[in-house]
Amino acid sequence: MFKQWIILGMFSLAMMAGTAWAGGDAAAGEAKAANCAGCHGAAGEGMGDTPRLAGLDQKAHIAMLKEYKEGARGEGMMQMFAAQLSEEDMCDIAAYYAGLGGE
């Protein structure tokens with residue numbers, strides 16, 4: 001029984017660690033998003049066929065970045081950039097763009 005409690009405790013700690021960055025640091029995200037501006041615009045407004053990031057829901061943004069990193073989304077340039085991001089980076093960038101607001 002004790003072993004089950006240990007496993008449950010370790011699982012709970014792992015789950016909390018995975019969500020620790022869910023809020024993200026928008027100030028850190030602003031600096032990390034510098035590479036994004038070339039295609040998505042200086043304020044995430046989107047350019048041409050490149051989508052708008054400003055005001056995008058944080059969780060949706062993080063999920064998309066993870067899909068690019070894992071290869072589930074097929075845009076090569078985004079896969080290259082996402083491959084370099086940690087989970088913390090993704091959360092920070094998503095927090096930054098979410099805070100810019102939409103149209």
Output the qualifying pairs, or none if there are none: Cβ atoms under 7 angstrom, residues six or more apart or on different chains, first residue in region 36-57 and surrounded by fewer than 17 Cβ atoms within 10 Å (Cβ to Cβ), second residue in a strand (DSSP E or B) and among the hydrophobic types (A, V, I, L, M, F, W, C). Cys39/Met47; Gly41/Met47
Residue selected from region 83-103 under the condition under 8 Å from the mean Cα position of the chain (by Cα) and surrounded by fewer than 21 Cβ atoms within 10 Å (Cβ to Cβ), by the criterion nearest to Glu45 (Cα to Cα): Asp89
Among residues belonging to region 59-82 that are under 17 Å from Cys39 (Cα atoms) and surrounded by fewer than 13 Cβ atoms within 10 Å (Cβ to Cβ), point out the one that is modelled with the lowest pLDDT. Gly74
Quick one: is Leu53 within 14 Å of Leu100 (Cβ to Cβ), at pLDDT 95 or above and under 12 Å from the mean Cα position of the chain (by Cα)? yes
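The values are calculated or read from the model by the stated rules, or taken from the named source; none is laboratory data. Bear in mind that the values here come from a model prediction, so they are computed numbers and not experimental data. When we count neighbours, we look across all protein chains shown, and the Cβ atoms used for this are built from the backbone with ideal geometry, even at glycine.
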